[in-house]
Amino acid sequence: MGDSATSIEPPLPEDGRRRVFVNEIRPRVDGGRYAAKRVLGDRLRVEAALVCEGHDRVAGVLRTKRPGDEGWEETRLVPRVNDRFVGTAELDTLGAWALQIEAWVDEFGSWRHGLERKAEVGEATDVDLKIGAGIVEAAARRAHAVDAADAELLGEAARELGDGDAAIEARVDLALSAPLLDAVEAHPDRRRATRTDPWPLTVDPSHARYASWYELFPRSTGPGTSHGTFETAAEWLPYVAEMGFDVVYLPPIHPIGRTFRKGPNNTLEAGPDDPGSPWAIGAAEGGHTAVHPALGTLADFDRFVQRAGEHGLQVALDVAFQASPDHPWVAEHPSWFRARPDGTIQYAENPPKKYQDVYPFDFETDDWKALWEALRDVFLFWIDHGVTIFRVDNPHTKPVAFWDWCLASVKARHPEATFLSEAFTRPHLKYALGKVGFTQGYTYFTWRRTAWEMRQYLTELTRTEIVDYFRPSFWPNTPDILPEDLQHGGRPAFLSRLVMAGTLSSHYGIYGPAFELMEHEARPGSGEYVDNEKYEIKDWDRSASRSLKPVIAAVNRIRRDHPALQRNDTLVFHPTDNDALLCYSKRAGDDVVLVVVSFDVHHRRSGWIQLDAEALGIDEGDTYQVHDLLGGGRYLWSGTRNYVELDPHAMPAQVFALRRRLRTERDFDYFM
């Protein structure tokens, strides 16, 4: 006989009488391996398909366990269509939740449905009702230990249903009554229920979804080009708050190494007074838990955090897990760095870029456990100093497994901590970082330069399974990135990018003051700023007449005033007949915001937009007002097809608030 394939016969299940099959659960990331994300105060909606063979009805509950709780809370799953069920829960606690679904054959519901159909055609029998009496009697026994009133109601109902001398019609009426249904459903037979494995959910602070960030180099806040301090940086806080930002984000504030220190414009030769790159972390004064002595002391930093809070601002710190050659860890833990055959340590590279002033950590070191714990403790140190928001530099160059452990370890102690991933990398790696715990992530927004590209990208970010684990953060510029449209598009390009960043995404930020002052000169052949602040101290003129500060303040005010812009899940694109125009809306209850942006920053563009009536909550024949929140104009529109015209030299975007279902000119006058 020839060779034959062998297989292992599967064992019998623990109980083959569990008949309900539970699938298509959402939100559940990778089958429950990773946590879906929500924010504090959300009403969680869980959907699943519950099926069993034949025509029997099924029922189930959503089980939720809060962080630190031993027991589960349950809410009944509500049937929708096509075997879909929905359960909800109020997310009132930060941290790691557990979710679970339990489902069973609804014996009473199945019997009741069959009886109802028979009763409609006059075919209900005494036997049918006695079958129901047995089901109700069993429910009465289950209720006996937990609810005496229900037990009494169910027991009496069972006797009446089983009374063969009573009229069929009266017994049917009892069987189909709402009080009996409620009592039986409160005490279902769950002995053969199907219970899914628990799966995780992370509940973050509200700023995880909605926040506006402002990046500020503290060393550029002093008079002229003298080195700023935490004290001079604190003097900028009213300026940042006046623009309506929620978070002031500081690049690394640690001592900067001198070995291979970079000079202006990333040159290899640094003068004695050149400050170097803040990302070359570590010197004789300390490493990741020390502050640059020119900025002040830890006590000065603590006062800065306190003063930020007084202005309604949270502080975010940049955490970059790399070291200058002068970092204390290089001498104390040489095995944490990879040595080359000549005995030197390999510096960081991202061809064609070279970072001779930075050593990467070797995550394959035999001493990896100590390295992991030391890096985790960096976060814990700064949390002890009042910082719970972190922007993490280049996380995609460290193992995903490290982040999986590190972020979970930090959040187990501090569920209020959040982490923004600065990973401009391949999509699957970017999304993997989101799955293992990063709260938000940088995106490709900066490089989406046509309306079609932006629609496609935002559809991916807001209409696929990605929404459960990746929150996008939109940045028009960073110290490393000066895109071509900002280099050559002038004021209209800055304005259009600002509006899109602040309205397409509920979480966005700018690198300032370079953005509001419209800095646009790049080093030849690069997408980086000339005279980059990464390598020198800048003297910013915040009072310059060209400043976009008033417009930025207006955009942030609009975001705060309109809940529709504080989330992404209601984003809808509306077709236009001009491929340079992008039209989209967001809605939260009665708050509806409609945005039209031109990608042509040089020429006037006009066109017709075809509105999605359902998304906006309007009827085809409605007359309604649109209020341009940036330009101040108010217009009466009718129906779903309307005309727009944008002059980029005035304003390349319009942000409309809709006043729905206006019926008369008098209504319009009321809003003027």
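The values are calculated or read from the model by the stated rules, or taken from the named source; none is laboratory data. What you are looking at is a predicted structure, and each value in this text was computed from that prediction instead of being measured. We place every Cβ from the backbone using ideal geometry, glycine too, and count neighbours over all the protein chains shown. Each accessible area value is taken on the protein alone, full model and side chains, heavy atoms only, with ligands, DNA and RNA left out. Shrake-Rupley method; radii C 1.70, N 1.55, O 1.52, S 1.80 Å.
Residue-level check: of (1) surrounded by fewer than 20 Cβ atoms within 10 Å (Cβ to Cβ); (2) in contact with a strand residue (DSSP E or B) (Cβ under 6 Å, 6 or more places away or on another chain); (3) not β-branched (Val, Ile, Thr), residue 391 misses just (1). Could you tell me whether any residue of region 489-504 is of a type in the set (Gly, Ala, Ser), touching a Leu at 6+ places or on another chain (Cβ under 8 Å), open to solvent by less than 10 Å² (accessible area, probe 1.4 Å) and at pLDDT 95 or above? The answer is yes, given that some residue of region 489-504 is of a type in the set (Gly, Ala, Ser), touching a Leu at 6+ places or on another chain (Cβ under 8 Å), open to solvent by less than 10 Å² (accessible area, probe 1.4 Å) and at pLDDT 95 or above.
Restricting the search to strands (runs of 3 or more DSSP E) fully inside region 1-54 and requiring at least 2 residues that are open to solvent by 90 Å² or more (accessible area, probe 1.4 Å) gives 21-26, 43-51. Pairs meeting the criteria (first residue in region 598-611 and farther than 11 Å from residue 649 by Cβ and outside any strand (DSSP E or B), second residue among the hydroxyl-bearing types (Ser, Thr, Tyr) and open to solvent by 20 Å² or more (accessible area, probe 1.4 Å), beta carbons under 8 Å, at least 6 apart or on different chains) are 599/450. Take the conditions of a type in the set (A, V, I, L, M), under 30 Å from residue 29 (Cα atoms), open to solvent by 60 Å² or more (accessible area, probe 1.4 Å) and without any contact (Cβ under 8 Å) to a residue 60 or more places away in the chain and apply them to residue 81. Does it pass? Spelling it out, residue 81 is indeed of a type in the set (A, V, I, L, M), under 30 Å from residue 29 (Cα atoms), open to solvent by 60 Å² or more (accessible area, probe 1.4 Å) and without any contact (Cβ under 8 Å) to a residue 60 or more places away in the chain. Does region 344-367 contain at least one residue that is loosely packed, with under 13 Cβ neighbours inside 10 Å, at pLDDT 95 or above and of a type outside the set (A, V, I, L, M)? Yes, that holds for at least one residue. Could you tell me whether residue 261 is surrounded by fewer than 22 Cβ atoms within 10 Å (Cβ to Cβ) and not polar (S, T, N, Q)? Judged against the criteria, residue 261 is not a match. Every condition in (1) at pLDDT below 95; (2) among the β-branched types (Val, Ile, Thr); (3) out of contact with any Phe, Trp or Tyr (no Cβ under 7 Å at 6 or more places or on another chain) is met by residue 383 except one, and the failing one is (1). Residues being within 33 Å of the chain's Cα centre (by Cα) and open to solvent by 40 Å² or more (accessible area, probe 1.4 Å): count how many of those fall in region 646-660. Summing the residues that are within 33 Å of the chain's Cα centre (by Cα) and open to solvent by 40 Å² or more (accessible area, probe 1.4 Å) in region 646-660 gives 3.
Would you confirm whether or not region 277-299 contains a residue that is within 22 Å of residue 213 (Cα to Cα), more than 29 Å from the chain's Cα centre (by Cα) and outside any loop (DSSP other than H, G, I, E, B)? Checked against the condition, which is being within 22 Å of residue 213 (Cα to Cα), more than 29 Å from the chain's Cα centre (by Cα) and outside any loop (DSSP other than H, G, I, E, B), region 277-299 yields no hits at all. Residue-level analysis places residue 59 outside the set of residues that are open to solvent by less than 80 Å² (accessible area, probe 1.4 Å) and within 20 Å of the chain's Cα centre (by Cα).
Working only within region 194-244, note down all residues that are open to solvent by less than 10 Å² (accessible area, probe 1.4 Å) and closer than 30 Å to residue 60 by Cα. Within region 194-244, 199, 201, 203, 204 qualify.
Look at (1) of a type outside the set (Val, Ile, Thr); (2) touching a residue at least 40 places away in the same chain (Cβ under 8 Å); (3) in contact with a Leu (Cβ under 8 Å, 6 or more places away or on another chain) and you find that residue 45 fails only one, number (3).
Report yes if residue 245 is part of a helix (DSSP H, G or I), touching a helix residue (DSSP H, G or I) at 6+ places or on another chain (Cβ under 8 Å) and within 23 Å of residue 383 (Cα to Cα), otherwise no. When the stated conditions are applied, residue 245 does not pass them.
For region 223-242, the criterion of being outside any loop (DSSP other than H, G, I, E, B), of a type outside the set (Gly, Ala, Ser) and either under 26 Å from residue 356 (Cα atoms) or at pLDDT below 95 (or both) is satisfied by no residue at all.
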